Structures are given as structure tokens and as C-alpha cells.
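We did not get these values from a lab; they are worked out from the coordinates using the rules stated. Being a predicted model, the structure only gives us computed values, none of them experimental. Every residue, glycine as well, gets a Cβ built from its backbone with ideal geometry; the counts of neighbours run over all protein chains shown.
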Number of protein chains: 2
Amino acid sequence: MNPDITKERENATFDVEKLTNILDGGPEKTKRRREIESLVFSDPDFQEDDPNFLSRSERYDQAVRKSAQMILKLREYGIADPEEIYFYKNMAKGNQNEAMGLHFAMFLPTLYSQCDPEQSKKWLPLAESFQAVGTYAQTELGHGTHLRGLETTATYDPATQEFVLNSPTVSSIKWWPGGLGKTSNYAIVLAQLYSLGNCRGLHAFIVPIRDMNTHEPLPGIVVGDIGPKFGFNEVDNGFLKLENVRIPRENMLMKYAKVDPDGTYVKPPSAKLTYGTMVFIRSMIVGESARALMKSCTIAIRYSAVRHQSEIRPGEPEPQILDYQTQQYKLFPLLSMAYAFTFVGQYMHQTYHRITADINQGDFSELPELHALSAGLKAFTTWETNSAIEVCRMSCGGHGYSRSSALPDIYVEFTPTCTYEGENTVMMLQTARYLVKSYRQAKAGQQLSGIVSYLNEAGDRRLQPQPVAARPTVVDINDLTSLVEVYKLRAAILVELAAKSIQQELQRRKSQEDAWNNSSIDLVRASDAHCHYVVVKLFTDKLGEVGDTAIHSVLSDLALLYAQNGITKNSGDFLQAGLLSVPQVLQISVRIKELLSKLRRNAVALVDAFDVHDKKLNSVLGRYDGNVYEHMFEWARRSPLNNTQVHESFHKYLKPLRSKL
Amino acid sequence: MNPDITKERENATFDVEKLTNILDGGPEKTKRRREIESLVFSDPDFQEDDPNFLSRSERYDQAVRKSAQMILKLREYGIADPEEIYFYKNMAKGNQNEAMGLHFAMFLPTLYSQCDPEQSKKWLPLAESFQAVGTYAQTELGHGTHLRGLETTATYDPATQEFVLNSPTVSSIKWWPGGLGKTSNYAIVLAQLYSLGNCRGLHAFIVPIRDMNTHEPLPGIVVGDIGPKFGFNEVDNGFLKLENVRIPRENMLMKYAKVDPDGTYVKPPSAKLTYGTMVFIRSMIVGESARALMKSCTIAIRYSAVRHQSEIRPGEPEPQILDYQTQQYKLFPLLSMAYAFTFVGQYMHQTYHRITADINQGDFSELPELHALSAGLKAFTTWETNSAIEVCRMSCGGHGYSRSSALPDIYVEFTPTCTYEGENTVMMLQTARYLVKSYRQAKAGQQLSGIVSYLNEAGDRRLQPQPVAARPTVVDINDLTSLVEVYKLRAAILVELAAKSIQQELQRRKSQEDAWNNSSIDLVRASDAHCHYVVVKLFTDKLGEVGDTAIHSVLSDLALLYAQNGITKNSGDFLQAGLLSVPQVLQISVRIKELLSKLRRNAVALVDAFDVHDKKLNSVLGRYDGNVYEHMFEWARRSPLNNTQVHESFHKYLKPLRSKL
């Protein structure tokens, strides 16, 4: 154990294990998570080489092997609870992805939810036994977020009772679905349904794409891998071009909408039913943001504790990087963000399950709010995390750039969350739509409830932007409740500003749509402020649940840092609205420095509490024992370019060059 | 040609070619650059596969081949002017790096500048004929920015008149030098010189590391590649462990410092002599920031012009992404930044050459200012560009994540500039040291000149942070000169705040060093504001040189957008200091929207003016002809995972899985 890091742990003021329990949701949960994780790291079948040493094809090969292995082992161990499966897979995957991820995340769930009884009987056994390995083919080369723009067609032919699927243009080629390129033999294809000459909109079809025995692509199917990406290189995101592919009528998923044998189209009863999955995945992504931050902070903070560099006082030994105020200022706000997003993730998880229970009893009343919240928070947390990972990486100096740090992997695997499951700007605008609608309802005298209830004061004069001096400064900058209030007012004011911008555009005779587009900068800003408020609020609420005094104290410091740092970064908003005075903003800067130096002694313990196992972290810089440099040297020596002492290029180019000059 | 992009070009209000000339520095320069570039893209020897399709070893192989080829061709063409070599290599390299880059960038220049006449006679012919291929080994596994911390030792043995080199610890292993792992047979090694029992500090030694004939590592040399990185994977950044390696006394570079045969150490005459190279490289990096931004903006803006998505008005066809206000808000400020940094790069280039001429005549007076400016601007421009590339990538939706977009490559090749040649936070603090020193001189009554002359007003009451209402609002937010003034005052106030923070810490009986560390957040902020001011000022100054009315008009809009956007992003600073009023800040938001919609029609022409050839861009999204989707499909089909229809993993894992369940 590196003595620096031992010293850090000795200095901590709280019981790390207890904090881990809070993060896991109780000591029993921690215990069970560790049991499951130990099944992976004690298993010789999961000892493997760093994927960064492999070619793309080898990486994919290793990922498929691992996917198959995980299926067998989970059955062997009898692990069936989704959360436990998640722990197991997360540990086994490390910083990489699952080759067959879409089979579990989209293919099976879609079959479960959209097959009629007949179809269930046919397809579920095939899919559950991996005779049929599948994916979900929605996005096209030229079409992403906007589903109505999809071009793939499924035209019903009553003569043969078949659908004929086609990719009529280059831009209609299915593009991006995970596992489509090489792994899957089936795809659920989203296509515009045409029957009896009418377009009936998007529907889902089960399309066989490869022969179940030989795995060769079937006639009319052009399928393959979309090529190397920033990350996800063990996943065969694929393309699919359909050329007059005929499938039986029964391959349309018919639980809701139907096409009768004669071609008569039967509408689905409600459009709200697919809403839930989307909300679920977005809520999950909030938790993924927290986990990516945990990993990144663990690496950057542990390494900053063992890395010595430069000098603060001349003649003295090089100090730990963590003693530099600038390093603390880079990392501790991100540490506080990791905690904040963890608690927000827990809240979203609980709320989703609560509302799902309501929905199952026919009560849809809270769904719109959850939908809006999950969209905005997905965008807010992924954008923040995306930048944060890179700050962590760069805070490690040059070594952060080495794949051995794991930070490049963490970044490239995380960054697509800003785009997939709803592009972030689009997500922010969805939330804004809900906020503006709520604002208008409140203005019209309707009493709002739930998280937007602060807009009830919308008619109030207090919400007008005012010169700074005009607002009485009753805010206590050291009091979290008071800061929550300030964040709330900022959100209210920015929602109002956005709504007024729309109003002004309308007054200039713009159409509703143009007024919306011409106000979209303000709308995104309003959503952002709303989400920021929600995060500060939920972090503060969480403190009320923490009984342990020592932990309560350190978490309060983190929450305060999170809230105050957010104010400094957006001080213009708070000053502009007259919510804080200039002296208060200056005080906050001073207070932040104090918090940084107060949190310094607990920094390592606060990342230890995340309890990210070395095997899952896979970072030489973030090792629990702090023995960084020995392992970095060892890792480098295993790198494939060192398999030979002399690379063939010497004989091919360098030696001949001399004689040519 | 894609009709959307043709339409964009028809709508432009200015002559693109004339703007390209301005960026190149004159029509003759444009012509010559294109001549040189055409030598590459018309050359079949440079037709090669996308490096993203290759394994690490193949990438390295291809890069070495290309390095050797470039050497031969440049000699064949008789291209010897450094700028022309730069054009040629830049075109040939695309978004990747040169395997032998360090030989040219560091090995040769160090030999030229630090060999004594005897040494020049011996080493230059070897290095110029590539008998000796070399690198520059400075950083160590545990040591980067802080040179005094380096641990490698070179101990003089008078008995044999040799130096004995050692890596005494794991952390002293040389780490990171480009070309060290596999390519070089020589390294200039920086080591602590010990002679007659005294440590004489860091000196440079020529160390043979591989046999010149067989290329096998020499005895006592442990050398290899440091393993895969985020990018730079065609470069063999290496490690070097020295175990009692003996080199003749004459292998110490002796132009300045010397060790006599008996071990007597002779000090160098001045320490300032190595200063220049550092300043030069940092100034160059400012230009690299501009070039990375040009590429990224070209890709994102051209693709946004041909990409249609979602809907603004229901029922109408999907609009070009570029019509969304949020998309304009993402990209146009970055476009303005690309222009700003280009002009700053030109300024740094000119200033460097002007001051070098002075230095050669013994006048060092402007060097400290240039040193401070190059450090800060290197940090400011690389940080800004680093974030900007990722914004461009994410603005392309999912396809930005594909390696075919080139944006992942541009990012990973660019991002190390934030760390190398001086870690950015350290750079900002160097600039801050100069600013605080200047501030104190001004306060002591000294009259400052040059770019910090604004600190002459430091004693003045006007620079005190004041409540917003108190300052007379004489600023015209639509006038660039007025905005330059505001940026200047912001910088002055933040320098003063930082200086006062140090003062307060000293009053609390902190040491100078602790006071500095405890103020470093404020110091970085002050440097940042100073650099921001310089950029706005230089952009504004440049407008004065532009004669063409149409170009002057569009560049003025860009400069205004750059300045106003910077204010919105940092509105807290301006409000806090009372430099702008709340209504002014609100007006600026409105004005920015107007500028976005005004710049819309010229966006494509403004990136066309960068004249980045398709071959250099290597992006399917950024193609000049806008034919994106066909080429993306074609690119994907060439991907190695599509070499076979059925990947072997099907037979190895997927098929057997079925029978095991």
C-alpha cells in the first residue's frame, strides 16, 4: 500500500463503510452487491487481456465470448433479479460494453410487451434460448430523433399475406442498432406501414436477417458493421438495407395495432403505452452519469493523492497534487456532483417505480411530470458528466491520456449518452415545453402541484427581473434551504423569460412554431435552471435521511459546495435577477475556498466510499493501493507493440531510407 | 454536389476566395499552399486506407512508411522552407501524426542549438542522413512539468572519461517521448549531472539506445512503447530505463555548460537561452487551436446544412438542422472563435519573429511579455478549442461518434495540447505571475507599457468592484471598441482581485507561497480574463486591416458575436464589477440571436473560406460536395469487420451457446 494513500485514509473523519451502505441503499444491499461482484473477479474465465491491446475484431470476439459466458454463468448461479444481473454484468464488462446488449435491452422487452399471445408462444422460446438473437432497428442513416421522418417501408400484400420491406433510399438504410452488424439473426424493424394504399405510420416487424444455421445473410438483406467509432468498438453497431424482403403477416407485432389478412388496419388503443420504456431508460441514464462520475473521481482523486509534483514552498519535497488549490477546485466540485447525481439517480429510480405502480392501476396523472423530468435530467446530468470526465482525465496530467488510466475508455463509452435515447438539446426542449405549459396554466389561475409548483407564483411581481439593488437580500449563503430557494427563483425567472420571449415573437406576427424556435436558446436555459434546482433540492432533501453525524457533516459540506459552485458558475443569472447581491457572490467565492480546504482530508475516503472495485475500474492510476507507477510500467510492457524488440518497419522503411538519400 | 449546399454557396454575400487570401496572408500564399497540397493529393503513394481500419501495429507501420516517404519526396521536390514543409506534411498526415515527428521537432533542433563545433561535425551528418534517428527524453514516469524533480542521473567517471547514466527508481523511467519506443536509435536524455560528488542540475546527453545496424536495444537499455493511448496511436511514445549505461564524455551537449576531462564543471553563461524554443512552440499551438477549430467547424456546419431533421412547422419537410436556433447557437460562436484564434495565431507568429530579431540584436526587453502571453494564450485557446471540438462532434448527432466523421480523431489528436508543452493550469499561473508583478509595479508608480499597460490605472478608484447601479453605463454593446474596453476593465479588476487575495492571505500570516496557492483560483481567473481581452482586442484590430466591404461586414458580425457571447457566458463578472447593467446584459442576449440569424446565410461560405481540402479533412460528414450518406455507407462497407459475412465468433460462441442451455 502506498504510504500517502494510507495516510489519507487514516485522516478521514467518517466511517467509509457506512457511507457505502447509504449509497447502496442499506448494508444488506452492499453485502449482496459484493457477493455478486466477487463471483466475477474470482472467476478465471473473466481473466482477460486489456481490450485496448486487441484489434477491433479481437475485441468483438472477446465481447461475444463474454456475453455467452455471462448468460451461462447467470443461469448456473440462478441470478435472475434485474438489479443483481446488473451488478454481475457491470463487473464483468469493466469499462466496455456487452456485445449482445440490445438483445436484452430492446429485443426481448419489445417481444414481451408487443407480442400478441400467439406471437409470444412462437418467439419467446426462440429468443430466450438464443436461437433468435435480436436487435431493435429504428434509426436510419438520415433519420434519428424524429421518428416520423423514418423512410423504411413495410407494404402489405394481401395476395400472399406478407409484408414487403424496403429501404427505398440511401438515407433510409437502418444505421446504428447495436448487435445488428454481425451478432443478430433477427431484427425488430421499425417501418412505415402501408396497407391498401394508405400509410399507417410506424410499426414494428420481426425480420429474420441471417440464416439460423449458417448465419449467412438472407436474400434481400444487406447487413454489416458500420465501422469503427469513438468507443463501443466491441459492439457491432450495424447497418441493414432491405431489398423486397418478404415476411409473413404474423411477423408484425400485433398486441396493439393489427393488420387483418385482407389488409384492414386496426388502430392501437392508446399511444401512451410505449412512453414508459423511454422514461425508464432516461431515468436509468441519470444513474449511469453518477456511476461514470464515481469512477472518474476515484481515479483522479486517488492519483492526485499519490502524485507529487512541482513545489509550493521552495526547498520542501514536491507536494501531493491534491494540496494545490487549483486541483481541489477542479476535482471537489465534481466529487460533490457525483454524490448529487447518485441521490438524483436513486430518486428517479424510486419515482419511476412508484409511478409505474400508479400507471398499472390506471392512474397516468404523474406521467407527464416524470416524462419531462427524466428528459431534462438525462440531458443535464449527461452533459455535466461528459465535461467532468474530461476534467478528471486532464487533471491526471499526461498519464490521463494513456489508455492505462481508463479515463479515455470511460469517456468514449459515456459520451454517447448525450446523444442516444433522445439528443440532449431536444430533451431540454421537451422539458421546456412542459415548463412553459405549466407556467401558462399557473398564469391562467390553475394551481400546479408537484415539482413545478413553484411556477404558481408566476403572476407575482416578485418574479420580474429587477436591478440587483432592488431585491432585499434575505438569502443566507451558508444555508442549504436558503440556496434551494434561490435556485428555485432562478428557475422561475428563466421560465418566465422564455415564455415572454415566445410572447414577444408572437406579437411580431411570428407563427407559434417560429416563435418557439426563435426562443429556443432561452427555453434550453430555463430547462437547465429547472434541472439544476431539482438536483440541489434532492441533494438537500437526502441530507434529512442521513442519521450518522460525521457522514451528515461531510455530505452537507459537499452539498453546500455543489450549490455554491453552481452559483459561481452562473453568477450572472443570480445577479441579473437580483437574487443575490455582489457582496454575497464575492462571499461565496471565499466560502468555496474554505470548503475545498475542509474537504481535502476526506477526499480519498469520499471516493473510497463509492466502492468501485479495481477490477471494474481497470485503471492503473486509480488503484486502491496507490501503487501506480510499477503497474503502469508492467502494463506498458504487455502492450503488443512490445512483442518484438525490433518492429518490422525498421527493415521495411527506416534502413532502406538511409541508402536512398 | 448536394443541392442544399449549392444553395448555401449561392446565398453567400462575400467572395470566399478573398477571405481565404486574408487567412493565408495574401493571394500568393494561397496559391503556393495549394500547389504544395496538390503534390500530396495527386500522389498515388499517399493513397492509403483509413488508419481507423488498422491495428495499432499496422498504423505505426503506415506512419513510418509515410515519414520515410515524406523525407524523400520533400528532397525530390526541393521543398526546404519550414512553412512549405509544414503545408506538405500537414496534408500528408491528415488527422494523424508523424511517426518521426520528434526527430524533426526536437532532436535536430537541439543538436543545432546545443552542439559545440566538434559535436556538430560528428552528429549533424548522422542525424541529417537518418543514420541516427532521435528523440528528446525529458519527462519521466513520475515527473512532468517540474524539471527540477527529474531523477535520471548522469555521473561522470574521470577514470574512463565517461558518463554513467541510470534510472534509479521506477518513477525515474523516461516516459512519453515520441518515437522513443520503436523508431529512434538515439535519444537526447535530460539527466541530473553529477561530477566530483556535486549535483550540477539538468543537462542534455546524446545516448545511443539501439544498435545502428540491427536496431536491437543496446546493453543496459530497456526501451519500449508505453502502450495504447487516447490518440497518437501511430506514434511510438516510449519508455527508457537506463541501467549503468556508459557514454563518452563528448556525448554531453557542450555548447554552453561543459565537463572537463578531469571532471571540472563549467557553468553555462545564461539560462535564458532555452526560453525561446518554449515560447515558439506555445505560440505555434495557438495556431494549431485555430486549425483544429477550422476543421471541426467545417465538418459540423457543412453537415448541418445537408442534414434534415425533425420539424419546425408541422407538415412542412424536415428543415436543415442549421435553421434551428439552438444549432446556430452551438456552432456560430465557435465559428467566430475559429476566426478569432486564427488572427491571434497570426499575431503570435509575427510577434515571435519580431522579438526574435530583437533578441538576436541583444534586446531581451519584450521577452517576458511574450513569454507570459504565449503561456496564457496557449492555455486559453487549447481549453476553448478542446471543448469546442466536442460541441461540434455532438452537434452532428450520432454520426459525430463514428470515426468516419473525423471528429473523434481531431479531438484525440488535439486534446494533449492542454497538457503538453506546459500543463494549462500551470501556464495560466505563469501568466498570472506576470500580471500580478506588473500590477504591483504599476501600483508602485512605475509606468507599464505593452499589453499590460491597462494595469497603469490600478491605483484608480474606477477599478474597485462596485454595486451594479453605481457605474455609469457608457458602454455601447454594439460597438466593438467599446466592448474591448469592457473586457480590458474586467481583466484589470480580476487582476486586482487576485492581487488583493494574496495580500489578505499575507495579512493572515501566511507565507508568500501559501498565499499564492490559496489565491490560485483567482489568479487563473485573472489570466483567463486577460487572455480573453487580448483575443477580443486582436480580432477587433484585425478588422482595421480588412479593405473589402463585404468581408469587413461579415467579419465584424463574427467579432461582435465573439465578444457578446463571451459576455453572456461570463455575465457575472461584468455585472459584479458594474461594467454592464442588467438591461445591457439582456440586450446582448437579444442581439446575439439577431447575429445568429444574420450569419446564417454565410455560415457555409465562412467555413469554405478555411479551404480545408477533403483529403486533409478526411470526414464523410464534412465533404465539400455534401454527399454524406452515400460515402458513409461506402466507408462502412470497407470496414475490416465486413471482410467476412460471418464472424468466427458465431461458430466459436453463439452457436455452441444454444446447445449448452
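Based solely on its DSSP helices, what 222 nm [θ] is calculated for the protein assembly as shown when runs of n ≥ 4 H residues each add -39,500 (n - 2.57) and the sum is averaged over all residues, nearest 500 deg cm²/dmol?
-17000 deg cm²/dmol
Hey, got the average number of other protein chain Cβ atoms within 10 angstrom for residues in A:511-520?
4
Assuming R0 = 56 Å, what is the FRET efficiency of residue A:6 and residue A:159, from their Cβ-Cβ distance, to the nearest 0.05?
After rounding, the FRET efficiency stands at 0.10.
Taking 0.36 nm per intervening residue step and subtracting the Cα-Cα distance, what contour gain separates residue B:246 from residue B:601 on full extension?
Full extension from residue B:246 to residue B:601 adds 121.2 nm.
For chain A, list the DSSP H helices whose alpha carbon atoms reach 18 Å or more along the long axis and whose average Kyte-Doolittle value is 0.0 or above?
Both cut-offs are met by A:275-306, A:367-395, A:480-507, A:520-543, A:549-569, A:582-599.
For each of A:151, A:648, count neighbouring Cβ atoms within 10 Å of the residue's Cβ, then give the residues from fewest to most.
A:648, A:151
Pop the C-beta distance of residue B:17 and residue B:630 into the FRET formula with R0 = 41 Å and round what comes out to the nearest 0.05.
E between residue B:17 and residue B:630, to the nearest 0.05, is 0.90.
Based on alpha-carbon positions alone, could you give the equivalent ellipsoid semi-axes of the range B:353-420 from the gyration tensor, as √(5λ), descending, whole Å?
Value: 37, 11, 8 Å, ordered largest first.
What translational D, rounded to a whole number of µm²/s, comes out for chain A from Stokes-Einstein when the hydrodynamic radius is the Kirkwood one over Cα pairs, at 37 °C and 0.692 mPa s?
119 µm²/s
When a footprinting reagent is the concern and you count Cβ atoms within 10 Å, what order do B:312, A:299, A:321 take, fewest first?
Lowest count first: B:312, A:321, A:299.
Stick to Cα atoms and the Kirkwood definition of Rh, then tell me Rg/Rh for the range A:329-391.
Rg divided by Rh gives 1.12.
Pop a pseudo-label 7 angstrom from the Cα along the beta-carbon direction at both residue A:120 and residue A:83 and give the gap in nm to one decimal.
Once both label points are built, they end up 2.6 nm from each other.
Would you tally the net charge around residue B:115, using a Cβ to Cβ cut-off of less than 15 Å, leaving residue B:115 out, and scoring K and R as +1, D and E as -1?
Its environment carries a net charge of +1.
Between residue B:613 and residue B:113, what is the FRET efficiency for a Förster distance of 35 Å, r being their Cβ-Cβ separation, to the nearest 0.05?
For R0 = 35 Å, the calculated efficiency reads 0.55.
What is the mean projected area of the alpha carbon convex hull for the protein assembly as shown, to one decimal in square nanometres?
49.8 nm²
Put a dot 7 Å past each Cα toward the Cβ at residue A:569 and residue B:131; how far apart are the dots in nm?
About 5.8 nm, to one decimal.
Mind putting together the pair-distance distribution for the range A:494-549? All Cα pairs, 10 Å bins, whole percent per bin, short to long.
Taking every Cα pair in the range A:494-549, the percentages come to 24, 31, 19, 14, 8, 3.
Say a paramagnetic label sat at a point 7 Å from the Cα of residue B:28, along Cα to Cβ; which residues of the range B:527-546 have their backbone N under 12 Å from it?
Under cut-off, by backbone N: nothing.
Suppose we take every Cα in the range A:294-379 and form the convex hull; what volume per residue is that in Å³?
85 Å³
Figure the gain on full extension for residue A:43 and residue A:474 (residue separation times 0.36 nm, minus the Cα-Cα span) and round it to one decimal in nm.
Length difference between fully extended and current span is 149.2 nm.
Could you compute Rg(Cα) / (2.2 N^0.38 Å) for the range B:38-86, with N its residue count?
Ratio of Cα Rg to 2.2 N^0.38 Å: 1.27.
To make sure I understand, if each residue's beta carbon is the centre and we count other beta carbons within 10 Å, what order do B:369, B:35 fall in, fewest to most?
So the ranking, lowest neighbour count to highest, is B:35, B:369.
Where the centroid of each part is defined by its Cα atoms, how far is the range A:5-84 from the range A:343-384 in Å?
If we compute the Cα centre of each part, the gap is 27 Å.
Taking every pair of alpha-carbon atoms in the range A:131-174, what share in percent sits in each 5 Å bin, from 0 to the bin with the longest distance?
Over the range A:131-174, the share of Cα pairs per 5 Å bin runs 5, 21, 20, 19, 17, 13, 3 percent.
Semi-axes of the equivalent ellipsoid for the range B:68-226, please: Cα gyration tensor eigenvalues, times 5, square-rooted, ordered largest first, whole Å.
Equivalent ellipsoid of the range B:68-226: 30, 18, 15 Å, largest first.
Normalised by the number of residues in chain A, what is the relative contact order in percent for Cα pairs under 8 Å and 6+ residues apart?
It rounds to 15 percent for chain A.
Taking a point 7 Å out from Cα toward Cβ as the label site, list the nm distances between residue A:597 and the same residue in every other copy, smallest first.
Computed spacing set for this position: 5.2 nm.
Sum up the charges of everything whose Cβ sits under 15 Å from the Cβ of residue B:211, counting Lys and Arg as +1 and Asp and Glu as -1, but leave residue B:211 out.
Value of the local net charge: +3.
How large is Rg/Rh for the range A:516-661, to two decimals, with Cα atoms and a Kirkwood Rh?
Rg divided by Rh gives 1.24.
Hey, for residue A:360 with labels 7 Å out along Cα-Cβ, what do the inter-copy distances come to in nm, ordered shortest first?
Shortest to longest, the spacings are 8.2 nm.
Can you list, shortest first and in nm, the gaps between the label point of residue A:34 and those of its counterparts in the other copies, using a point 7 Å from Cα in the C-beta direction?
The answer, with the shortest distance listed first, is 7.0 nm.
Stretch residue B:660-residue B:260 to full length: gain in nm at 0.36 nm per residue minus the Cα-Cα span?
Length gained, residue B:660 through residue B:260: 136.4 nm.
Among DSSP bridges having both ends in chain B, what percentage is antiparallel? Round to the nearest 5.
Counting DSSP beta bridges with both partners in chain B, the antiparallel share is about 80 percent.
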